[in-house]
Amino acid sequence: MPDISIIPQPQKITIYKGTFPIASNIPILTDAANKKNAVYLKRLLSPLPNQKVKSSHAVHLNIRTKDKSLGKEGYHLKITPKEIAIEALTTAGIFYGIQTLRQLLPPELEYGKPLVKQEYVVPCVEISDFPRFTWRGFMLDEGRHFLGKDIVLRTLDLMALQKLNVFHWHLTEDQGWRIEIKKYPLLTKIGSYRAGTGTMFKGRHDGIPHGGFYTQAEIKEIVNYATDRHILIAPEIEMPGHSLAALASYPYLSCTGGPFEVATNFGIFPDIYSAGKDSTFAFLQDVLGEVLNLFPSPFIHICGDEAPKARWKKCPDCQKRIHEDGLKDEHELQVYFTNRIITWLAKKGRRVIGWNEIMQEGLREDAVVQYWLGKKEKLIEEIREHGRDVIVSTYLSTYLDHSHALTSLKDAYEFEPDFPELTEEESSHILGLEPPLWTEWVPGKARMDFQTYPRLTAFAETAWSSREGKNFDEFEMRLKGFLRRLDVLEVAYAGARKVKPSFFARLFKMFTIAIPQTKTARRK
Ligand code: ACM
């Protein structure tokens, strides 16, 4: 029996006797819709040697409309001794079929350099496959550390390998503004640089300037790269909190008028955008206007987490707004703020996502909530009463910046994003799963790899594969083959060594569960 280990595990695999000889010069026959997929596959196969190919041998990529059960992203892959055929309803489905074929090929292929062996074969199989969730995300925070274009492109490549389809790009923070906005040049001139980076010693930074941002031309290139890999980039522009970099650039957006500095330490800062000034909304709409031109994503993330109300309480403009709009307090003012942005974006045909702090009485029903912390009963109520769509990023289970002792590979694999309390219809509001990587303590690629892999691979399987078929021991067996591929791709993943949670890690977990949301939120 051939050794077939594919991650995420496909829904149905049938293995047949025989093999198909694969070579770099194998004809790829495709319909017009799959031209880009054909170029992608051709490049993937290019390290294989040329062989004398029989005239009947070929790879076929075709959109077929008959098997509706595969859904928008499913595919059917059939390998016989004569041909490889990938069929799907969409080009995304064909792309995922190619990713599965990729994992039937030797990991050495990933070097991208000519292979020395003379002949390569793939086993004869038939695979019918489709994802469990439509939202299979990964979030990268580039506010805390700017990682740069090469790392982002590599991230998109690695996501494609794991059939992940949403790159949630956290682009603005207290510690740095990372996106060029033509109308407000100071956002990058001032806001993208800081004097140093916080250390473990509270209040002290390392004194080493850090900064960087993406030009709009680079963003367009990255968005195109993602689109070719069937990955949606959901950009995140944080508001009203975590906005010191913007306030340092344009202090008039604050309640006090500043001055401010781009944050050098981590935490939650009291200075946030003023919700009382119309000029704040004019600014945010201008910024979002440029963001919309760069990102075709139907979803725009506006964050909404960890926004202290101290400044709003004392701000004459915010208080005037509360009074004139008959709002109860500063919490209702945040709902006003969020709804005003949602309404503006809705007119442009986009939907808002926010962290679950936005989930307050009166929030527009079309806002998607990203659940990270807090009472799940409240979330369930929102799903039932408002049909609220939800992305699951549970703090204690999915945060990739947490230590492996706190969230082991097994914990990551066994995390279940659905809630047993929900009916099947209600569960359809769980769009999917998205592990975030916050980068306070992630200055570069090596640490990013160590935190992310292979836990992201475990989450990718949960997001794609059927719940019933999941088994950690069996996943670990398949992971061995997958890690060989990551070795070739030079991914510095954390070792498979079993890490026993330390006393402190266990204490932290207990402590975090026991204390209420606002206190726990201070981790950022
Ligand atoms: C978050 O971690 N504050 C969403």
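Details
- Test: S393 is in contact with a Pro (Cβ under 8 Å, 6 or more places away or on another chain) and of a type in the set (S, T, N, Q): yes
- Unmet requirement for L44, which otherwise passes all of (1) under 26 Å from the mean Cα position of the chain (by Cα); (2) in a loop (DSSP other than H, G, I, E, B): (2)
- Taken together, T462, T520, T452 contain a single residue that is at pLDDT below 95 and β-branched (V, I, T), which is T520.
- Test: residue in region 245-268 that is closer than 28 Å to K163 by Cβ and among the polar types (S, T, N, Q): no
- Test: residue in region 308-321 that is in contact (Cβ under 8 Å) with a residue 60 or more places away in the chain, in contact with a strand residue (DSSP E or B) (Cβ under 7 Å, 6 or more places away or on another chain) and surrounded by 16 or more Cβ atoms within 10 Å (Cβ to Cβ): no
- Unique match (being within 16 Å of the ligand (Cβ to nearest atom), under 22 Å from W355 (Cα atoms), in contact with a Lys or Arg (Cβ under 7 Å, 6 or more places away or on another chain) and open to solvent by 20 Å² or more (accessible area, probe 1.4 Å)) among I272, I268: I268
- Residue match in region 432-449 (condition: open to solvent by 30 Å² or more (accessible area, probe 1.4 Å), on the phi < 0 side of the Ramachandran plot and within 16 Å of the ligand (Cβ to nearest atom)): yes
- Each residue in region 158-184 was checked for being closer than 30 Å to G97 by Cα and under 13 Å from the mean Cα position of the chain (by Cα), and 12 of them qualify.
- Subset of region 179-210 [open to solvent by less than 50 Å² (accessible area, probe 1.4 Å), outside any loop (DSSP other than H, G, I, E, B) and in contact with a helix residue (DSSP H, G or I) (Cβ under 9 Å, 6 or more places away or on another chain)]: I179, L187, T188, R194
The values are calculated or read from the model by the stated rules, or taken from the named source; none is laboratory data. The model shown is predicted, which means the values in this text are computed figures rather than measured ones. For neighbour counting, all protein chains shown are included, and Cβ atoms are generated from backbone atoms with ideal geometry for every residue, glycine included. What goes into the accessible areas is simple: the full protein's heavy atoms, side chains included, and nothing from ligands, DNA or RNA. Shrake-Rupley method; radii C 1.70, N 1.55, O 1.52, S 1.80 Å.
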